[in-house]
1. Can you tell me how many residues in the stretch 1-15 are modelled with pLDDT of 90 or more and surrounded by fewer than 13 Cβ atoms within 10 Å (Cβ to Cβ)?
2. Can you tell which of A63, A30, A76, A89 is in the same structural domain as Q16 (by TED's automatic domain parsing), without any contact (Cβ under 8 Å) to a residue 40 or more places away in the chain and not polar (S, T, N, Q)?
3. Any chance you could count how many residues in the stretch 93-116 are without any contact (Cβ under 8 Å) to a residue 40 or more places away in the chain and surrounded by 15 or more Cβ atoms within 10 Å (Cβ to Cβ)?
Amino acid sequence: MQDRSIDGALLALRKQTIREGREGLDHVEALLRLRGVDMPVVREGRRPDAAKRGEAQRIVLGALRDGPKTLREIAAVMAERRQLDMPAALQRSGQALDKLRKAGVVVKDGRVWAIQ
């Protein structure tokens with residue numbers, strides 16, 4: 001087994017141990033220290049701002065059901081629904097629109113997005 005594989009397995013075990021509150025964290029971390037592996041910060045459970053799969057796309061489509069809108073108008077809906085600041089809402093809305101455009105669900109005409 002390659003060193004990378006061993007290190008990756010130990011890091012995955014550490015993350016699982018932390019998130020599930022299992023015993024043996026000190027042993028796993030001791031092995032990682034012996035191997036000289038940096039241990040990243042691991043959060044317990046999901047991030048509080050993590051979205052469910054497809055949620056951003058559903059929000060975008062919901063905003064466009066009322067009619068065509070600019071990215072900034074769609075992002076305002078995203079910011080309100082997900083409690084995000086405007087830069088984060090613009091980024092998530094843009095990513096969702098790009099995925100929907102590639103799937104042929106929405107189209108862009110100038111600066112305005114609409115459901116196809």
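1. Final tally of qualifying residues: 4.
2. Working: A63 fails: in the same structural domain as Q16 (by TED's automatic domain parsing); A76 fails: in the same structural domain as Q16 (by TED's automatic domain parsing); A89 fails: in the same structural domain as Q16 (by TED's automatic domain parsing).
Going through A63, A30, A76, A89 in turn, just one is in the same structural domain as Q16 (by TED's automatic domain parsing), without any contact (Cβ under 8 Å) to a residue 40 or more places away in the chain and not polar (S, T, N, Q): A30.
3. Residues of the stretch 93-116 without any contact (Cβ under 8 Å) to a residue 40 or more places away in the chain: 93-95, 97-98, 101-104, 107-108, 110, 116.
Now drop any that are not surrounded by 15 or more Cβ atoms within 10 Å (Cβ to Cβ), which leaves 93-94, 97.
Number satisfying all stated conditions: 3.
The values are calculated or read from the model by the stated rules, or taken from the named source; none is laboratory data. Predicted model only: the values in this text are computed from it and were never measured. Positions of Cβ are backbone-derived with ideal geometry, glycine not excepted, and every protein chain shown enters the neighbour counts.
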